[in-house]
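Peer 1: This is the structure I have questions about; it appears just below.
The values are calculated or read from the model by the stated rules, or taken from the named source; none is laboratory data. Note that the coordinates shown come from a computational prediction; the quantities given were computed from them, not determined experimentally. Virtual Cβ from ideal backbone geometry, glycine too; neighbours counted across all protein chains shown. We work out accessible area using only protein heavy atoms, side chains counted, and drop any ligands, DNA or RNA first. Shrake-Rupley method; radii C 1.70, N 1.55, O 1.52, S 1.80 Å.
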Amino acid sequence: MKLTIACLAAAIVLVFAGTIAQVHLGIHEVQQLYFQSLFVWWPPNSNGFKIPIYPGGHLIGAVLLANLITAHIRRFQWTWRKFGIQLIHAGLIIMLLGGLLTDLFSVDSYMRLEIGETKNYSEDLRLTELAVIDESDSDLDQVTAIPQARLQRGGTIEHSGLPFRILVRRFYPNSQVGMLSKAGANAQAAATQGVGSRVVVTEARRDTTPNGHDTVSVVIEIEPLPSENEITAGSLGTWLVSDGLGAPQEFFYSGKQWRLELRPVRYYKHYSMTLQKFTHERYPGTEIPKNFASRVTLTDPDHKENRNVLIYMNHPLRYRGETYYQSGFDKSDKATVLEVVHNPGIIAPYAACVIVAAGLLVQFSFHLTSFLRRRKPAS
Amino acid sequence: MKRYIPWIALGLAALWLASNSRPPQTGSDGFDMASFGKLPVLVGGRVKPIDTVARNSLVIIHGRQTLRLEDGRQLEASRWLADMLFNAPVADKYPVFAIHNPDVFGLFGWEQGEKKYFSYVEITPFLKKIDEQGTRAEDMEAVQRSPYQTAILNLRNSLVLYQRLKNSLQPDDAEDFANEIDAYAQIFQAGRDAAHAHEKGGKFDKGKLDMFQQFSDRYTTLAEMAYILSIPPAQAGTGLHGDWMSMGQSLLNAASAGGVNPVVKAYALIGDAYRKNDPALFNRHVQDLGGWMAKNEPQATSRTAYEFTFNWLEPFYQAMGLYVLVFLLVCASWIFWTQCLNRSAFYVLLLALAVHTFGLFSRMYLQERPPVTNLYSSAVFIGWGTVIIGLILERIFRDGIGAACAAVIGFITLVIAHNLAGSGDTLEMMQAVLDTNIWLATHVVAITTGYSAMFFAGVLAIFYVVRGVFTRSLNQQSAQALARMIYGVICFATLFSFVGTVLGGIWADQSWGRFWGWDAKENGALLIVLWCALILHARWGGYIRQRGLVVMALFGNVITSFSWFGVNMLGVGLHSYGFMEKAFPWLLGFVISQLALMGIALIPQTQWRSFKTATQS
């Protein structure tokens, strides 16, 4: 019981601090630092020396869960008096487990479709990847994707599908890209090859506003692998790949055309979506949005599906374990943004909610009737 | 005799109500502003009576619902709006714009003096400066704006609204609008033909074309400026949810519609009569238009007539007065005539609840929504919920505590609501995400009921502390009764807060794909649930007794107020509807007062007056 109270108190302080911190850090950062962590560290966000100053969401949750389960087992009594309490706590256990499952395994991404456009993948707007694309086959691109975390770690990257190795020279979590010609005499070009030789990159502070977006930039060097029949020495030069550049970078090596592209991480599906129509209704005489709706065609060769669906506010599409929500719009109503959520723990909160609510109801009506019964002889 | 006192008290209260709410009369100058105020128009996406537009606009620009002129005359909102709509040069001299910020005075090169309200004419020389400074302030995030930036932005927005209002029903410089429209009606066919001919390179009448061009430029501006959409949809009977048009738009469409819309003409006649100061003519044209609306748009007209009645009845204002009366009666009952005054308080509280309920349900009918849609309505609903809880407790315990708490919270929440109404229409339309009656009816209602219960427990705790420390009236028995009430109400709060929070999670899951996102408002709700759980566990575990429960219930007030208001002030998250820096000192004061009370409650109980006497005797 004492432990429960300590955990609850700790959770209250954590939630309060986490809420206040959102003013400066932005919601996504706070989630990682405070709630989806074992400890809250100080100073935050530094790679060097740091100390845990407070238990994080996962630790409190885990202790609370363990405590709940042991209490459940130890004190379990099958009486009507305790039935409500048992129900409540069983429900809470399910909810905590579900929350953990969601935190660990759910994937959240976006699909942006212009009218008439078809896509079979969704994108994670917060994570980028370096796609190295072999364009030699005109029908099929061979893509090797390197995740952001690997780029951030730096060093040398080798892959069996690539005839060269990639050396990360510099990684910018957020950056500004400008023209070299306008940058003054002392400025240095970001790279030796491609567009990178004509621009400068400067480090920028992380953008933590809710709709903000970091411009990730990476300077990489391409170095040929020594092979048996071809002896090429030295590097091919450095390239700049960045969100801030409109176009991908290209080069030619070992008889093939290669494309380097820094892009949001993609999650490919076994089916595709085509946007037919997007509508954005407003209340008459105002700019207050009344409804957003996207009509898309869902094509799934595996399941022989080919049908039109309407996705609109509060009416998502659920398909093959993923849920598509109307999230936003773009390009003055010519494009739609759908949020794609894959969450294996989806059922837990629903079940838990019903169980806990039933438990609370049983318990409190039990209290109330006994209270009223006690009053009756008194009056 | 004493048997009749409760009934007499109830009768007096009802009489006071009736005397307060007499329907508006035609003024001494003979203008029938009531009939004019009932006319339906569309503003902010909702069909409402002109009276509502007048009240809301005046609140936005001036901060109050009536305007005091420099010569001491009091102007009703609808009268002010009529001057704005039809007699702009006169209205421009009224001191409507409230300026308090010293830096704004500095911008104008003025010294700050006694004067707080300024007229449009006085501000005109600085319009360009205000617009430029306001645009700069607009680029800042609301949280980061300085008081000066907020003030200048508000002033600019007021000015924009002011200018749009003036050009809603006629160009603000129109002299004889009905005749002007007649002249336009005669020319537009010929003018349009001339324009077509000109485009195709054929022969055309240059004089007619120029005149037509002049008119259409004038009405294009009018259409762009208009704040009020006054012309109902072409298809009769679809006014409630159809597409309304502004005067200017309707005039521009006149050629293709085959004539000037009768409503346009009617408003022009009304305006001309008003400007000529001819009440009889004004009243006749208003009656005609009212009759036309009732025939063609019966639904919209009955809705706006109802809203008009709701406006002048001011049910929440009346309920506030009744709550004060209830509180006084209860206090008196603790001193003398305990039983009959207690009963009187109960009856008057029932009456107050009836008035409050009428207000709440009227709003629901007008908006076609569940009770809570914004911060304003949440205050109204929290008050309503606590009054019901108080009535139930009063029925059970009959010691006046329930009624007193109900009256205090009912009164305070209505005062809060009154102060939240400053942003204009409190019956505003809902953003697309919030446009679901099911979730508004379940999640939001459950959460706000939870708030109600938390505040109720908190106020009970205040009673416990104040009575215990400062009076001798808190004996063992009443202390126990109070503690039991607090415990019961917290159980109730736990149930509703938990269910409400989880329902919110489910709504979030349905709408944007995650059950829980650590959003500020969600966290606020979670804090309440956790705090309730903490209180209940501490009590079951025997770590706290009466006094501990009281102290924790007091802190419940702090947490609930943070969850209700505090998180909105952070200016982050999906739920932050409206940033209010004005409310911040109040919130801080409230929190400090609660902490002080907790401190008082922690004084050793032997020092409490109630228990001192108990131990001595």
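Peer 1: Listed residues B:Gly488, B:Gly504; which is assigned to a helix (DSSP H, G or I) and either facing chain A (nearest Cβ under 9 Å) or open to solvent by 40 Å² or more (accessible area, probe 1.4 Å) (or both)?
Peer 2: Numbers: B:Gly504 fails: either facing chain A (nearest Cβ under 9 Å) or open to solvent by 40 Å² or more (accessible area, probe 1.4 Å) (or both).
Answer to the check: B:Gly488.
Peer 1: Okay, next question. Does A:His213 count as open to solvent by 40 Å² or more (accessible area, probe 1.4 Å) and farther than 19 Å from A:Thr238 by Cα? Break it down into steps so the answer makes sense when it comes.
Peer 2: Values: open to solvent by 40 Å² or more (accessible area, probe 1.4 Å): yes; farther than 19 Å from A:Thr238 by Cα: yes.
Taking the combined requirement at face value, the residue satisfies it.
Peer 1: Could you check B:Ala520 against (1) at pLDDT below 80; (2) surrounded by 23 or more Cβ atoms within 10 Å (Cβ to Cβ); (3) within 19 Å of A:Ala348 (Cβ to Cβ) and say which number it fails?
Peer 2: (3)
Peer 1: Can I ask one more? Criterion first (open to solvent by less than 60 Å² (accessible area, probe 1.4 Å) and either closer than 20 Å to A:Ala357 by Cβ or assigned to a strand (DSSP E or B) (or both)) does A:His72 satisfy it? Spell out the reasoning first.
Peer 2: Numbers: open to solvent by less than 60 Å² (accessible area, probe 1.4 Å): yes; either closer than 20 Å to A:Ala357 by Cβ or assigned to a strand (DSSP E or B) (or both): yes.
Taking the combined requirement at face value, the residue satisfies it.
Peer 1: Out of all the residues in region B:551-563, is one or more surrounded by 24 or more Cβ atoms within 10 Å (Cβ to Cβ), over 14 Å from B:Ala457 (Cβ atoms) and touching a residue at least 12 places away in the same chain (Cβ under 8 Å)?
Peer 2: Yes, because at least one residue in region B:551-563 is surrounded by 24 or more Cβ atoms within 10 Å (Cβ to Cβ), over 14 Å from B:Ala457 (Cβ atoms) and touching a residue at least 12 places away in the same chain (Cβ under 8 Å).
Peer 1: Next up: Would you point out which residue out of A:Gln188, A:Gln152 is closer than 24 Å to A:Leu240 by Cβ, part of a helix (DSSP H, G or I), of a type in the set (S, T, N, Q) and open to solvent by 70 Å² or more (accessible area, probe 1.4 Å)?
Peer 2: Just a single option satisfies the conditions, and that option is A:Gln152.
Peer 1: Also, quick follow-up: Being open to solvent by 20 Å² or more (accessible area, probe 1.4 Å) and either in contact with a strand residue (DSSP E or B) (Cβ under 6 Å, 6 or more places away or on another chain) or among the aliphatic types (A, V, I, L, M) (or both) is the filter here; which residues of region B:162-189 pass it?
Peer 2: Once the filter is applied, which keeps residues that are open to solvent by 20 Å² or more (accessible area, probe 1.4 Å) and either in contact with a strand residue (DSSP E or B) (Cβ under 6 Å, 6 or more places away or on another chain) or among the aliphatic types (A, V, I, L, M) (or both), region B:162-189 yields B:Ala183, B:Ala185.
Peer 1: How many residues are acidic (Asp, Glu) and in a helix (DSSP H, G or I) if we restrict to region B:252-283?
Peer 2: The first filter runs over region B:252-283 and keeps only residues acidic (Asp, Glu), leaving B:272, B:278.
Next, only the ones that are in a helix (DSSP H, G or I) stay: B:272.
The number of residues fulfilling the criteria is 1.
Peer 1: Need at least 2 residues that are within 14 Å of chain A (Cβ to nearest Cβ) and open to solvent by less than 30 Å² (accessible area, probe 1.4 Å) per element, so show me which strands (runs of 3 or more DSSP E) inside region B:1-79 make the cut, counting only ones lying wholly within it.
Peer 2: B:40-43, B:46-49
This table checks each residue for (1) touching a strand residue (DSSP E or B) at 6+ places or on another chain (Cβ under 8 Å); (2) within 16 Å of B:Ile60 (Cα to Cα); (3) open to solvent by 30 Å² or more (accessible area, probe 1.4 Å).
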site	(1), (2), (3)
B:Leu81	no, yes, no
B:Lys93	no, no, yes
B:Val104	no, no, no
B:Gly109	no, no, yes
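Peer 1: Taking into account only those residues within region B:100-124 that are touching a Phe, Trp or Tyr at 6+ places or on another chain (Cβ under 8 Å) and hydroxyl-bearing (Ser, Thr, Tyr), which is farthest from B:Leu159 (Cα to Cα)?
Peer 2: B:Tyr117
Peer 1: Shifting gears a bit: Might you let me know whether region B:361-374 holds any residue that is among the aromatic types (Phe, Trp, Tyr), at pLDDT below 90, in a helix (DSSP H, G or I) and buried (at least 16 other Cβ atoms within 10 Å of the Cβ)?
Peer 2: The initial filter retains those residues of region B:361-374 that are among the aromatic types (Phe, Trp, Tyr), namely B:361, B:365.
Now restrict to residues that are at pLDDT below 90: B:365.
Remaining after also requiring in a helix (DSSP H, G or I): B:365.
Next cut, buried (at least 16 other Cβ atoms within 10 Å of the Cβ) only: none.
Looking through region B:361-374, none of the residues is among the aromatic types (Phe, Trp, Tyr), at pLDDT below 90, in a helix (DSSP H, G or I) and buried (at least 16 other Cβ atoms within 10 Å of the Cβ).
Peer 1: Any idea which of (1) under 20 Å from B:Phe463 (Cβ atoms); (2) open to solvent by 30 Å² or more (accessible area, probe 1.4 Å) is the one B:Tyr347 doesn't satisfy?
Peer 2: Only one criterion in (1) under 20 Å from B:Phe463 (Cβ atoms); (2) open to solvent by 30 Å² or more (accessible area, probe 1.4 Å) is unmet by B:Tyr347, namely (1).
Peer 1: Among A:Asp139, A:Asp124, A:Asp103, which is the only one that is crowded, with 16+ Cβ neighbours inside 10 Å, outside any helix (DSSP H, G or I) and of a type in the set (Asp, Glu)?
Peer 2: Working: A:Asp139 fails: crowded, with 16+ Cβ neighbours inside 10 Å; A:Asp103 fails: outside any helix (DSSP H, G or I).
Answer to the selection: A:Asp124.
Peer 1: Can you name every one of the strands (runs of 3 or more DSSP E) wholly within region A:273-379 that holds 1 or more residues which are more than 13 Å from chain B (Cβ to nearest Cβ) and open to solvent by 30 Å² or more (accessible area, probe 1.4 Å)?
Peer 2: Values: elements: A:289-300, A:305-312, A:317-319, A:322-330, A:335-342.
The qualifying strands (runs of 3 or more DSSP E) are A:289-300, A:305-312, A:322-330.
Per-residue answers, yes or no, for (1) assigned to a helix (DSSP H, G or I); (2) open to solvent by 20 Å² or more (accessible area, probe 1.4 Å); (3) touching a His at 6+ places or on another chain (Cβ under 9 Å); (4) more than 7 Å from chain A (Cβ to nearest Cβ):
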site: B:Ala483; (1), (2), (3), (4): yes, no, no, yes
site: B:Gly500; (1), (2), (3), (4): yes, no, yes, yes
site: B:Leu527; (1), (2), (3), (4): yes, no, no, no
site: B:Leu530; (1), (2), (3), (4): yes, yes, no, no
site: B:Ile535; (1), (2), (3), (4): yes, no, no, yes
site: B:Ala538; (1), (2), (3), (4): yes, no, no, no
site: B:Arg547; (1), (2), (3), (4): yes, yes, no, yes
